1. Within the range 331-359, take every residue that is in a strand (DSSP E or B) and of a type outside the set (A, V, I, L, M) and give me the one that is most open to solvent (accessible area, probe 1.4 Å).
2. Within the range 310-330, does at least one residue satisfy the condition of being without any contact (Cβ under 8 Å) to a residue 24 or more places away in the chain and in a helix (DSSP H, G or I)?
3. What's the number of the only condition in (1) of a type outside the set (S, T, N, Q); (2) modelled with pLDDT under 95; (3) farther than 21 Å from residue 137 by Cα that residue 171 fails to meet?
4. Can you work out which of the residues in the range 381-400 that are open to solvent by less than 100 Å² (accessible area, probe 1.4 Å) and not aliphatic (A, V, I, L, M) is modelled with the lowest pLDDT?
5. Just for helices (runs of 4 or more DSSP H) wholly inside the range 148-265: which have at least 2 residues that are closer than 30 Å to residue 74 by Cα and over 16 Å from the mean Cα position of the chain (by Cα)?
6. Scan the range 294-320 for residues that are surrounded by fewer than 23 Cβ atoms within 10 Å (Cβ to Cβ), among the hydrophobic types (A, V, I, L, M, F, W, C) and within 14 Å of residue 350 (Cα to Cα) and jot them down.
7. Within the group 127, 47, which residue is under 30 Å from residue 189 (Cβ atoms) and either acidic (Asp, Glu) or surrounded by 13 or more Cβ atoms within 10 Å (Cβ to Cβ) (or both)?
8. From the residues in the range 53-109 that are hydrophobic (A, V, I, L, M, F, W, C), assigned to a helix (DSSP H, G or I) and within 23 Å of the chain's Cα centre (by Cα), which one is nearest to residue 31 (Cα to Cα)?
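The values are calculated or read from the model by the stated rules, or taken from the named source; none is laboratory data. Computed from a predicted model, the values in this text were never measured in an experiment. Counting neighbours? That spans all protein chains shown, and the Cβs are built from the backbone with ideal geometry, glycine included. Remember, those area values only see protein heavy atoms, side chains included, never the ligands or the DNA or RNA. Shrake-Rupley method; radii C 1.70, N 1.55, O 1.52, S 1.80 Å.
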Amino acid sequence: MTIFNEHQQEVAEIIGDDTSRSDWTDWKWHIRHSIKNVDDFERVLGVSFPERKKKIYEQTLKKFPMSVTPYYLSLIDPDDYANDPIFMQSFPSPEELKIERHDMADPLHEDMDSPAPGITHRYPDRVLFHISNTCSMYCRHCTRKRKVGDVDSIPSRTNLEEGLEYIRNTPQIRDVLLSGGDPFMLSDEKLDWILTRVREIEHVEVVRIGTRMPVVLPYRITDKLVNMLKKHHPLWINTHFNHPRELTESSRRALGKLADAGIPLGNQSVLLAGINDCQRLIKTLNQKLVKNRVRPYYLYQCDMSEGLTHFRTPVGKGIEILESLRGHTSGFAVPTYVVDAPGGGGKIPVMPNYIVSWGTNKVVLRNYEGVITTYNEPESYEPNYCDRKCSKCNLQLKEDDAEEKAIGIEKLLSDWDETTSLTPENNERMERRDDAA
C-alpha cells in the first residue's frame with residue numbers, strides 16, 4: 001500500500017507500528033491506532049501544548065472523550081494548528097465545559113421521540129434508526145455528545161430486532177435513515193444483515209445511510225463494502241464535509257467508488273464559528289462537492305447541545321451565506337439552510353427573503369443582484385375545491401406508473417412488450433391453424 005504524502009508517512013512512523021507503512025490504507029489499522037489522549041496527540045502531530053493548557057484539555061476529555069484517526073490528524077497543519085479547521089473539529093476545547101443556560105443534553109428530543117429502541121420517529125413517513133453509537137472520530141460539534149464513548153449506548157442485537165419490528169409494524173414508514181454513531185463502523189456482514197432485514201419490509205421504499213467515513217477515514221470505503229451496498233438499491237448516502245480542505249485525494253477516491261456504484265450522494269454541513277462561517281469557504285466546499293458528484297443537501301445551524309455554544313453562529317450568518325450562493329453558483333450547489341428545532345420540531349428551512357411585496361394580483365420580487373421585478377398572478381385561476389373526498393375528485397388521481405403502450409412496428413422495437421411478430425387479420429394460414437385445432 002502507498003503512503004500518499006510525506007506528512008502521512010511521518011505520522012505512521014511516529015505511531016511506531018512496524019507494519020504501519022503497508023497498512024496505512026487499512027481502515028481497521030486506523031481504528032486500532034486512533035489518538036485518544038493529549039500526550040499521543042502532541043507526539044503524533046509534533047507539537048507541544050503549555051502544561052497549563054494540557055490540564056484543561058484533559059479535564060475536557062473526562063466529560064467529552066476524544067478519538068481521532070491518524071488519517072484525519074495527518075490533515076492538520078502543525079505550523080498553524082490553532083487556526084486549523086481539522087484541529088478545531090477533532091481536538092477538545094475548554095469551551096466545551098461551558099454549559100450555557102440554553103444548552104440541552106438532547107436538544108432535538110430524539111430520546112423522547114423514540115417509540116422503540118434505536119428509533120426516532122419524528123416525521124410521518126420516515127424514521128431514524130440508530131444502528132451504531134461508535135465513530136471512527138468524535139467530532140467536537142456532535143449533537144449527540146451525550147452518547148459519545150458511552151458503552152451502554154451501543155445497540156445490541158435485541159435492540160436492533162426491536163427497532164426492525166417497529167418499522168415492520170408501522171406501514172406509513174417508507175424511508176429509513178440508518179444513523180449512529182457511524183453505520184460504517186459496523187462490519188460489512190452486520191451492515192449487510194441490517195440492510196437485508198430492512199429491505200424485506202414491503203412498505204420501506206428508500207434506505208439512507210448517514211456517515212462521515214469519506215471525510216475522516218476514506219479507506220473504509222472498500223471495494224468489498226461498495227459491492228455489498230450495491231445489492232440494496234435504492235440506497236442513498238449522506239456524508240458530512242464541513243471544509244474544502246477535507247476533500248483530499250483519498251476522500252475523492254472514496255466518493256468516486258460510491259458514485260460509480262450508482263449510489264446518490266448528498267452532503268450535510270454544519271455551520272461552525274471560526275471553521276467555515278465564510279461565504280467563500282462554503283461556496284468553494286459546495287462546488288468541490290458537486291465536482292465529485294455529491295449534492296450539497298443541508299447546511300445546518302449548529303444545534304444547542306451542551307458545550308457547543310462556541311461553535312454556534314447567529315442565524316443571520318447562515319442567511320448571509322445563502323445570499324452569496326443563490327444566483328452566484330449552480331442551483332444544485334446551494335444547500336437548504338435549516339435550523340433543527342429544539343424540542344424535536346424538525347428541520348425548519350431558513351433563507352433570504354426574495355419577496356419584496358405581495359398585492360392582490362401581483363408579487364414584487366428581487367433577484368440576487370438586487371433587481372426588482374414583478375410577477376403577475378393569473379386572473380382566471382379557479383382553485384380546485386378540496387373536501388378530502390378523493391373518490392369524488394375531478395382531478396385524474398392516477399398515482400400508479402403510466403402503462404407504456406406501443407402499436408405496429410413500434411411494438412416489435414419496444415423492450416417492454418414481448419410481441420415478436422404481427423399478423424394481419426384474415427390470414428389464411430392462421431385460419432387453417434384454427435380449423436385444425
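1. This residue is 358.
2. yes
3. Here residue 171 clears every test but (2).
4. Going through the qualifying residues, I end up with 384.
5. By residue number, 188-199, 223-229, 249-260.
6. The answer is 302, 315, 319.
7. Result of the check over 127, 47: 127.
8. The selected residue is 73.
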